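Notes follow once the structure below has been shown.
The values are calculated or read from the model by the stated rules, or taken from the named source; none is laboratory data. Because the structure is predicted, anything quoted here is derived from the model rather than measured. Ideal geometry is used to build each Cβ from the backbone, glycine not excepted, and the neighbour counts take in all protein chains shown.
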Amino acid sequence: MDFELTDEQRLIRETVRRFAEQELAPEAAERDRAGRFTPELINRMAEMGFLGGPIPREYGGSGLDYISHAIITEEVGRADSSLRTTLSVQVSLVALSLVRWGNEDQRRRYLPKLCTGRMLGCFGLTEPNAGSDPASMETVAVRRGTGWVLNGTKTWISNGTVADLALIFAQTDKAKGHHGIAAFLVEQATPGYATRPITDKLGLRASDTGELILDDCSVPETALLGSVSQGFTVAMSALDNGRFSVAAGCVGIIQGCLDACTEYAKTRHQFGRPIGNFQLVQDMIARMAVDLDAARLLVFRAGHLKNQGVPNTVETSIAKYFASEAAVRAATDAVQIFGAYGYSEEAPVARYYRDAKVATIYEGTSQIQKLLIGSHLLGMRAFT
């Protein structure tokens, strides 16, 4: 078992960290306060090859392994979780779904544009009445002529109002449950497709979030991704990739908290000495360090399995569950260490605190991750 990064992976980490510190981090707090989505920074990440990460070179990607993809996602997440969200959706949920499930025409049509940032994608699964239980989705797709007509609403969709391409899941036959779900590639200009922004979020304020409204939205048969009965499988495989990148982004939050707290604990004085001298401050910092190592290793284990092309749903769920909960712990302790300054926007840890929480909710709540892990260990399905 080799715990060392390759020379290429170390170079990627150095390059991405330098880029993130110079171009992403300096105005992250200002973007967050303004709730400003920044397309120019997405374009810069595309120029650096981040949006093409593990996408094969033949489709315009960077052809990187999954450990390298995790490193990129971690470093972007350390600088700005809002930008990391856009990166995760673009690569893990949309582009990788096209790599696995798309036909050659679909791959050639969309992947080069997604990898270069000429097209942004979003993942339309969640609905007002269907979150953890996608089989209860109310969006429907009905065959009409040589295509399909979609009706329904998707909500809490990252990149929702800025996406040029939406991966939409719809029920074609409610009697079939999961087996009736199909996946469709819907372009923004399609008649009957509209969006509505969602604002005033607790965190990830500089990321775009919206609703997708499908009102007699007509798409051709060529918009179908996979077969009619494969939609649920497409969604679950996408979430395996999405949870991996969320976990990696959470490692970045923990690293950011640890960096900020170690520096602050050395320079902030109380009772005539640095607060880092106090045992209870050291206790919180030590826990961050342990959580950081554990979360990163769990992410790398899942990435190694992905590189091998073997099933990794459970390992990815473990990584996502642990890393997201650890990010919340780290951010909570970071605010405590900074005291009143941590409770204000004067310190970066307030933003870490707000951004960390959603990672325990989206792409499968912590409770769903525990049910997936428990079902695997017990051989007893927790879901009906």
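Taking the numbered list (1) at pLDDT below 95; (2) within 21 Å of Ile254 (Cβ to Cβ) in turn, Arg301 passes all entries but (1).
Look at (1) of a type in the set (D, E, K, R); (2) without any contact (Cβ under 8 Å) to a residue 40 or more places away in the chain; (3) touching a helix residue (DSSP H, G or I) at 6+ places or on another chain (Cβ under 8 Å) and you find that Arg196 fails only one, number (3).
Residues that are aliphatic (A, V, I, L, M) and either outside any helix (DSSP H, G or I) or surrounded by fewer than 18 Cβ atoms within 10 Å (Cβ to Cβ) (or both) within segment 306-320 comprise Val310, Val314, listed in sequence order. Within segment 247-267, being without any contact (Cβ under 8 Å) to a residue 60 or more places away in the chain and in contact with a strand residue (DSSP E or B) (Cβ under 9 Å, 6 or more places away or on another chain) holds for Lys266, Thr267. Selection of segment 79-111 for residues being acidic (Asp, Glu) and within 30 Å of Pro348 (Cα to Cα) yields only Asp80.
Specify which of the listed residues (Ala327, Ala359, Ala331) is under 20 Å from the mean Cα position of the chain (by Cα), within 20 Å of Pro26 (Cα to Cα) and of a type in the set (A, V, I, L, M, F, W, C). Among Ala327, Ala359, Ala331, only Ala331 is under 20 Å from the mean Cα position of the chain (by Cα), within 20 Å of Pro26 (Cα to Cα) and of a type in the set (A, V, I, L, M, F, W, C). What about Thr360, is it surrounded by fewer than 20 Cβ atoms within 10 Å (Cβ to Cβ), outside the structural domain of Ser92 (by TED's automatic domain parsing) and either of a type outside the set (A, V, I, L, M, F, W, C) or modelled with pLDDT under 95 (or both)? So Thr360 fails the test. Checked against the criterion of being part of a loop (DSSP other than H, G, I, E, B), of a type in the set (A, V, I, L, M, F, W, C) and touching a Gly at 6+ places or on another chain (Cβ under 7 Å), segment 134-150 contains not a single residue that satisfies it.
Looking only at segment 93-115, decide whether some residue is closer than 24 Å to Ile361 by Cβ, touching a residue at least 60 places away in the same chain (Cβ under 8 Å) and among the β-branched types (Val, Ile, Thr). Among the residues of segment 93-115, at least one is closer than 24 Å to Ile361 by Cβ, touching a residue at least 60 places away in the same chain (Cβ under 8 Å) and among the β-branched types (Val, Ile, Thr), which makes the answer yes.
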